Amino acid sequence: MNKTILAITTTFLVLAFLPSFGNAEDEKPLTQEEKARQKMLKLEAANALWRLKNSLEKDAFYSGRIRLNVWRSTAIEAGTFDQAQYDEFKEQLYVKSVNDSMKCYEEFILEEDFYNANICLQTWRMHSTELGTYDKTQYEALKEKLKQARVAKATREAEDQETEGTQP
């Protein structure tokens, strides 16, 4: 019994002090070269963050997604990465994409460019699903609107052909 308690106590003490041995190595003072590298990494991360914020305002989804990934990797390397901030930027990017996709869908419907309207609709569906805001009823209504617009155009074109054929 005493041997078991001694073994458990020894194991506990070893496990309790192992992290402190690892930290002792990490707390070595940095050399000038390491300090300069760390400073450069933080500068790169700050620049990537600025580019990301600018991209969120001005660029389309894929450009913004690239900027988000570049910022994440530079921030991780610099030791300044914040997961909550990353999640916030990602959400902003997807919200912007969902809104842009809906505008794009409506514009292409008006222009009777149904192929591109469908691409915008599918982008809206995928990105709203990613956000957790996808509404199947709304999607089905938008799909039906696209279908009706196609039918209306086809009917109008058929009537125009009939009218042209009957004119002398």
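The values are calculated or read from the model by the stated rules, or taken from the named source; none is laboratory data. Keep in mind the model is a prediction, meaning the values are calculated, not measured. Methodologically, a virtual Cβ is constructed for each residue, glycine included, from the backbone with ideal geometry; neighbour enumeration extends over all protein chains shown.
In the stretch 80-108, which residues are touching a residue at least 40 places away in the same chain (Cβ under 8 Å) and out of contact with any Cys (no Cβ under 9 Å at 6 or more places or on another chain)?
Across the stretch 80-108, the qualifying residues are Glu91, Lys96.
Can you tell me which condition Gln38 does not meet? The list is (1) touching a Lys or Arg at 6+ places or on another chain (Cβ under 6 Å); (2) outside the structural domain of Lys147 (by TED's automatic domain parsing); (3) in contact (Cβ under 8 Å) with a residue 40 or more places away in the chain, and all the others hold.
(1)
Does the stretch 134-144 include one or more residues that are farther than 30 Å from Lys90 by Cβ, charged (D, E, K, R) and not assigned by TED's automatic domain parsing to the domain that holds Ser63?
Yes, the conditions are met somewhere in the stretch 134-144.
Only one of these is under 25 Å from Tyr134 (Cβ atoms), surrounded by 13 or more Cβ atoms within 10 Å (Cβ to Cβ) and touching a Gly at 6+ places or on another chain (Cβ under 8 Å): Ser55, Ser101. Name it.
Answer to the selection: Ser55.
Counting only residues that are of a type in the set (Gly, Ala, Ser) and part of a helix (DSSP H, G or I), which one in the stretch 123-160 is nearest to Phe108 (Cα to Cα)?
So, considering only residues that are of a type in the set (Gly, Ala, Ser) and part of a helix (DSSP H, G or I), the one nearest to Phe108 (Cα to Cα) is Ala149.
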